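The values are calculated or read from the model by the stated rules, or taken from the named source; none is laboratory data. Small disclaimer: the values here were computed from a predicted structure and weren't measured. Please note: Cβ atoms are built from the backbone with ideal geometry, for glycine as well, and neighbour counts cover all protein chains shown. Note: areas computed on protein heavy atoms with side chains; ligands, DNA, RNA excluded. Shrake-Rupley method; radii C 1.70, N 1.55, O 1.52, S 1.80 Å.
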Amino acid sequence: MGTEYWGWAGEAHLREHGESGGAVSGLLASVLSSYDEVIVIRKTGTVFEAEVHTLDSPQGIARVQGALHAVSIELSHYLQLGRKTAIVLKPCEARAVIENIKRNHVRREDVLLIGLNCGGTLPPVKTKEYLRSQFGVSPGDIAKEEIAKGNLIFFTTDGQELSRSIDELEEAGYGRRESCRYCDVKIPSMCDIACGNWGTPAEKHITFLEVFTDAGAAALEAAVDGGYVSVSEPGEKLAAVRKKIEGIMVKMAKGWQEKMLGPFMAMEPKERLDAIHAALAPCIGCYACRKACPVCKCGDDCKCFQADPDDQLPISMFHAVRFLHLMESCVGCGQCSDACPMEIPLAHLHQLFAKAYEGRTGYKPGMSCGDIPPLSRGDFPEGY
Ligand code: SF4
């Protein structure tokens with residue numbers, strides 16, 4: 001467990017326009033004096049549209065506020081070896097950075113990982129359709145959204161709350177992206193600092209900050225000393241509420257994992273293989289999934305991943321190798337599924353293997369730079 005604080009931005013305009021009192025914005029303004037750049041996402045239209053943005057001065061910070069709930073973009077792709085970068089990440093993105101650090105694509109000492117607690121992201125197109133058809137609301141009228149007390153709640157710019165049971169929505173095919181439903185990392189403890197609104201007083205604009213590393217502590221201390229962020233001790237009861245919310249979200253994720261993994265594990269091996277072949281049959285070999293993957297860094301010239309055009313195998317070597325590779329490195333971000341033009345549920349398929357592997361070996365990728373994967377360690381549990 002890290003050191004916990006409540007925090008808020010020192011500057012009034014960042015406090016007013018930022019999420020939960022703007023502590024993350026204040027932190028970013030401060031770290032720009034010691035890092036070459038800050039990578040964030042910036043809202044481009046409604047709260048569901050955003051683009052990657054690089055900040056190199058505090059002047060632009062006000063323009064990147066309010067993108068917390070926008071489309072899930074895999075930001076770890078944008079880190080460059082040797083550049084000192086602070087980056088704001090959801091848990092899956094932070095896990096991807098950790099996997100890249102293990103492979104020497106990024107150096108841990110060069111990056112400041114500012115994590116955001118995450119209950120899941122929404123697919124923008126489907127969510128906008130849903131808002132129009134179910135609530136008769138334009139997506140442009142949504143100020144933010146939140147999952148609370150079993151409901152997905154949309155807050156409109158004129159102060160209304162539009163709420164539906166998250167379970168009912170997801171059973172009906174709406175709600176969070178599929179990979180977010182079964183993701184069981186909600187507070188990104190692999191980051192230097194984790195930030196969010198769980199465990200803060202509803203009526204006040206405050207961010208809950210949990211500091212996990214010396215680099216995180218130094219960044220927060222500098223932000224406080226410079227007047228960019230103010231902090232106080234968190235209320236004990238609300239700190240416990242934060243843990244409770246995390247526990248509820250993880251329990252929901254485990255329920256989805258059971259639904260996903262249970263029927264697959266209950267199949268006979270031949271039936272399981274047939275199901276995988278059938279799911280991959282529409283593949284056209286475009287490699288969009290590989291390009292979108294934040295862990296795989298194979299370039300277009302990587303021969304080990306090229307499918308042989310004369311290949312008569314029911315699944316190409318490309319997919320077979322990816323299953324093996326991602327079994328112990330898939331962070332469950334869902335970018336492969338989002339990228340696939342044939343709508344193959346790739347994240348689901350990879351998570352079937354990754355979760356089964358995690359269950360047997362106890363290894364979960366992206367949680368710590370010091371965790372060596374079992375295939376590399378060579379110490380599989382007995383009977384594996
Ligand atoms: Fe095949 Fe889809 Fe990957 Fe393209 S993105 S290679 S169609 S699985």
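Observations, loosely collected:
- Three-way shape label, region 262-377, alpha-carbon gyration tensor, a/c 1.5: oblate
- Summarising the amide proton neighbourhood of residue 144: residues at separation of 5 or more, or on other chains, whose placed amide H is nearer than 5 Å comprise 155.
- Computed from phi, the 3J(HN,Hα) profile of region 273-289 under the Karplus parametrisation 6.51, -1.76, 1.60 (θ = phi - 60°) reads 5, 4, 5, 5, 4, 5, 5, 8, 3, x, 4, 9, x, 7, 6, 4, 5 Hz, with x in place of Gly and Pro.
- Each peptide in 265-271, 57-63 receives the mean, over its residues, of other Cβ atoms within 10 Å, and ordering these scores from highest gives 57-63, 265-271.
- Mean accessible surface per residue for region 324-374, computed with a 1.4 Å probe while every protein chain stays in place, in Å²: 36 Å²
- Under 15 Å, Cβ to Cβ, from residue 17 - net charge with Lys/Arg +1 and Asp/Glu -1: +2
- Backbone HN-Hα couplings from phi across region 23-30 [Karplus 6.51/-1.76/1.60, Hz, Gly and Pro as x]: 4, 5, 4, x, 4, 4, 4, 6
- Of all accessible heavy-atom area on the chain, the percent that carbon and sulfur account for (1.4 Å): 52 percent
- Rounded if a/c under 1.5, otherwise prolate or oblate - the chain, Cα gyration tensor axes: prolate
- Other residues within the sphere of radius under 12 Å centred on the Cβ of residue 262, judged by their own Cβ, net out at +2 (K and R +1, D and E -1).
- About its Cα centre, the chain has a charge dipole of approximately 280 debye under the convention of +1 per Lys or Arg Cβ and -1 per Asp or Glu Cβ, with nothing else charged.
- Cα-based shape type of region 104-249, given that a ≥ b ≥ c are square roots of the gyration tensor eigenvalues and the cut on a/c is 1.5: prolate
- Note on the chain: helix-only mean residue ellipticity at 222 nm, from DSSP H runs of 4+ residues weighted -39500 (n - 2.57) and normalised by residue number, equals -10500 deg cm²/dmol.
- Here region 1-52 and region 86-120 have alpha carbon centers that stand 16 Å from each other.
- The mean sequence distance of close C-alpha pairs (under 8 Å, at least 6 residues apart), as a share of the length of the chain, puts its relative contact order at 18 percent.
- Per residue, region 55-170 exposes an accessible area of 43 Å² to a 1.4 Å probe, with every protein chain left in place.
- For region 12-102, pairs of C-alpha atoms spaced more than 16 angstrom apart make up 54 percent of the total.
- Under 19 Å from residue 144, Cα to Cα: lysines that are on another chain or at least 8 residues apart: 43, 90, 126, 128, 186, 204
- Within straight-line cross-link reach of residue 84, lysines at Cα separation under 23 Å, skipping those fewer than 8 residues along the same chain: 102, 297
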